[in-house]
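Below is one structure, written out as C-alpha cells, with a few remarks after it.
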Protein chains: 2
Amino acid sequence: MAKLSSVEARAAIRSGRHRRHTAGLAPGCLQANLAILPEAYALDFLRFCQRNPKPCPVVGITDTGDPIFRTLGAEVDVRTDVPRYRVFRDGVLDGEVDDLLGLWRDDLVAVALGCSFTFEHALAAAGIPMRHIDEDITVPMFRTDIACVPAGPFAGTMVVSMRPIPEDRVDEVKAICARYPLAHGGPVHVGDPAAIGIADIAAPDFGDSLPPRAGEVPVFWACGVTPQNVIVNARPDLCITHAPGHMLITDVDEGAETPITK
Amino acid sequence: MAKLSSVEARAAIRSGRHRRHTAGLAPGCLQANLAILPEAYALDFLRFCQRNPKPCPVVGITDTGDPIFRTLGAEVDVRTDVPRYRVFRDGVLDGEVDDLLGLWRDDLVAVALGCSFTFEHALAAAGIPMRHIDEDITVPMFRTDIACVPAGPFAGTMVVSMRPIPEDRVDEVKAICARYPLAHGGPVHVGDPAAIGIADIAAPDFGDSLPPRAGEVPVFWACGVTPQNVIVNARPDLCITHAPGHMLITDVDEGAETPITK
C-alpha cells in the first residue's frame, strides 16, 4: 500500500480494498480531515475555521451538492474516497459507514482541513522520533479546556494530539512545525497536561495511549478532530466526518505553497 | 503618523484626520485588503478566496451584520476605520466614500485579506530595495490573463502588483515571501510581463508607474485588488472595498503565526 500513488491509494479505498487508517499511504501527498455539513451551516463553519486556524486549517471546500473536491486532485470523490466515515445526527454520533453513496444530499458542503501527517513527515525527516509511528498505533488525542473562538452555533473546546518529544529537541520541533500553517502549525502547548485540562496523559479521548518516558516532554498540537467536538453544540441535522486517523488522501504535494492542484 | 500605534492610527482614520494611503503606518501591524458583500454572496466568495489563496488570503471575517472585526483587534470597525472606500453597485464602480455609516446593512459580511505591506517589510529588513517606498508612490498593479479558480459567480483574472528587484536578489526575495502565506506568499511570476498578459510595464491599471531599470527584473505578486476585478462578473447589488493602498490597520502582529488576537 505504501508504494501506491495518491490516485492509486484513493482507488484502493474507493473499491473497499483499504479500510484501515491512512498513515504512511501516498508519501508526500497532503492528507486531510473532513467535515461535511448542510449549506445552511457552511458560512458559519467557515468563519469558525478562519477564527480557529490551528485546529481547522481549510485546504478545500466543495461547491454545494458537488461531491468532488475539484482543487485537490483528479476526481477526489468525498462520497467514496475516505476509508471510514462518522455520521452525526443532531450533533450526536449515530454510527460509522464505509461510504456516503446513500447519504449524500444536494445541500451538503464538504470542507477538507489540513492534517498532522504533513508535519510528522517533516519532523521524521529531521530525525525527530515519532513514537506512535514506530509503534504502529494511532496518535493519542485529548479534549482540552482551550476555548475555540466561536462563530454562530459553532463553539466549544479544542481537541489536541500529543506526541512525546525528547526534551532537547522541543525548540527544533516548534520551528519546523511553524512552517506548516495548513497542517496545524506550531504546538499549542508544551508540558503540563493539567494546564490545558487533561487529567490523565495515559488515557486519551481518541487514539491510543502513549505516555511520555523519562527525558520526553508531552507536546500538544491543535487537532482536526476539533470539529467533531464542536458540532455537538451546533447540532446540525446531519454532519459527516472522517473517522479519526482515516483521512482523505489528495494529489497535492504536502510541501506545496498552496493546496490547489492545476 | 508613523509613530502611532495601530489603535491610534485607526482613531486618526476614524476621526478623519488621516485620509491618505496607509503605507508605513503602525509599523509591525498587519494591514488588510477589504471586501464587503451581502451574505447571499459570502459563502461563494469564501470559496473563491480558499481556491485563490495567493490573491485572497483571508485574515478575518465578520458575523453577518456585525461591522466589527472581533478577531483583528480592539474595536476594529469596518464602517469607519479605512481611509477611503470604493462602492460597487451591480459590479460597477459607483464612487468612493470616506466612511460606511450611511451604507452599512444588516446583511453585509466583511472579509479582510492579507496585504503586501507584510512581505515588503520583511524584504526591506533584508536590505532588498523597495523603490516605490523610496519614491513615496503607490506600487504599480496590473490586470493579467492569469485565470482565477472560479467559485459560483466569482470568476475572472488575477490582479498583480509589480516591484522591480535587482536581478541577483530574486531568489532571496522568493524565499522570504514564501514564508508569508497570509500576505500573498511567493511571487506568481518573474520576468516577461507579456507572459501574463501585461502589454506595457510602464502603464499600470492601478497605482503609479515604476518601470524596472537596467539590472532590475520585474517581479509580480498576486494582489488583494483581485476581488475588485472579479465582482464585475458576479454583479452583487452592493460590494464595498478599500481604495487601493488605503488599507484596514489591525492590531495583529504581522509576524504572528495566526491573524487572531486574544
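The table that follows gives values for the structure above.
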{"read-out": "Residue list for segment B:49-66, filter: within 10 Å of another protein chain (Cβ to nearest Cβ) and out of contact with any Cys (no Cβ under 6 Å at 6 or more places or on another chain)", "value": "B:Q50, B:R51, B:P53, B:K54, B:P57, B:V59, B:G60, B:I61, B:T62, B:D63, B:T64"}
{"read-out": "Test: residue in segment A:156-175 that is within 18 Å of the chain's Cα centre (by Cα), of a type in the set (G, A, S) and within 14 Å of chain B (Cβ to nearest Cβ)", "value": "no"}
{"read-out": "Residue within segment A:183-203 that is closer than 30 Å to B:D63 by Cα, hydrophobic (A, V, I, L, M, F, W, C) and in contact with a Ser or Thr (Cβ under 8 Å, 6 or more places away or on another chain) present", "value": "yes"}
{"read-out": "Count of residues meeting criterion [in contact with a Cys (Cβ under 8 Å, 6 or more places away or on another chain) and within 14 Å of chain B (Cβ to nearest Cβ)] in segment A:139-153", "value": "0"}
{"read-out": "Strands (runs of 3 or more DSSP E) contained in segment B:34-108 and holding at least 2 residues crowded, with 24+ Cβ neighbours inside 10 Å and out of contact with any Lys or Arg (no Cβ under 6 Å at 6 or more places or on another chain)", "value": "B:58-61"}
{"read-out": "Scan of segment A:3-25 for residues that are among the small types (G, A, S) and at pLDDT 95 or above, ordered by number", "value": "A:S5, A:S6, A:A9, A:A11, A:A12, A:S15, A:G16"}
{"read-out": "Number of the condition not met by A:T138 [criteria: (1) farther than 20 Å from A:N229 by Cβ; (2) part of a loop (DSSP other than H, G, I, E, B); (3) not aliphatic (A, V, I, L, M)]", "value": "(1)"}
{"read-out": "Failed item in (1) in contact with a Gly (Cβ under 7 Å, 6 or more places away or on another chain); (2) in contact (Cβ under 8 Å) with a residue 12 or more places away in the chain, with B:F154 passing the rest", "value": "(1)"}
{"read-out": "Residues that are free of Cβ contacts under 8 Å to residues at least 60 places away in the same chain and outside any loop (DSSP other than H, G, I, E, B), drawn from segment B:1-33", "value": "B:E8, B:A11, B:A12"}
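The values are calculated or read from the model by the stated rules, or taken from the named source; none is laboratory data. Here the structure is a predicted model, which is why all the values come from computation and not from measurement. Ideal geometry is used to build each Cβ from the backbone, glycine not excepted, and the neighbour counts take in all protein chains shown.
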